[in-house]
Amino acid sequence: MAPEPVSKTNAEHYVWGGKCDGWHLVKNSQLSVIQECMPPGAAELRHYHEKAQQFFYVLSGEAAMEVGGRLIKVGTGQGIHIPPGLAHQMKNDSEQDLHFLVISQPPSHGDRVAVPSEKA
């Protein structure tokens with residue numbers, strides 16, 4: 001079977017955090033590629049992954065990524081790699097929607113460990 005183009009219009013959709021959207025562009029046992037939209041003021045819980053490495057790539061907007069107690073701004077056209085075991089938290093402190101890709105290898109679902117927030 002030949003591959004077919006995938007986008008938000010035909011990908012599996014889910015809502016997380018009560019107000020953020022995600023679309024599974026690739027979802028298999030080896031790789032996860034998700035396009036997400038985070039509205040202004042939204043944030044994920046601070047956590048790390050025991051096995052998964054992740055790469056966050058900002059399509060539009062600006063992410064505030066807290067990594068190990070340090071706040072890193074990631075703008076449109078920029079990305080950040082988070083290795084396994086490194087606590088992180090993405091926030092949208094801006095006035096506009098944040099659109100980004102999160103690529104996880106292996107997939108991060110079921111591999112998340114919550115940790116207390118640090119001041120960043």
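Values in this text are rule-based calculations from the coordinates and carry no lab data. Bear in mind that the values here come from a model prediction, so they are computed numbers and not experimental data. Reconstructed Cβ throughout: ideal geometry from the backbone, glycine too, with neighbour counts over all protein chains shown.
Yes or no: Ala64 small (Gly, Ala, Ser) and touching a Phe, Trp or Tyr at 6+ places or on another chain (Cβ under 7 Å)?
Details: small (Gly, Ala, Ser): yes; touching a Phe, Trp or Tyr at 6+ places or on another chain (Cβ under 7 Å): no.
Answer is no for this residue.
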Within region 75-120, tally of residues that are within 12 Å of the chain's Cα centre (by Cα) and within 21 Å of Lys19 (Cα to Cα): 13
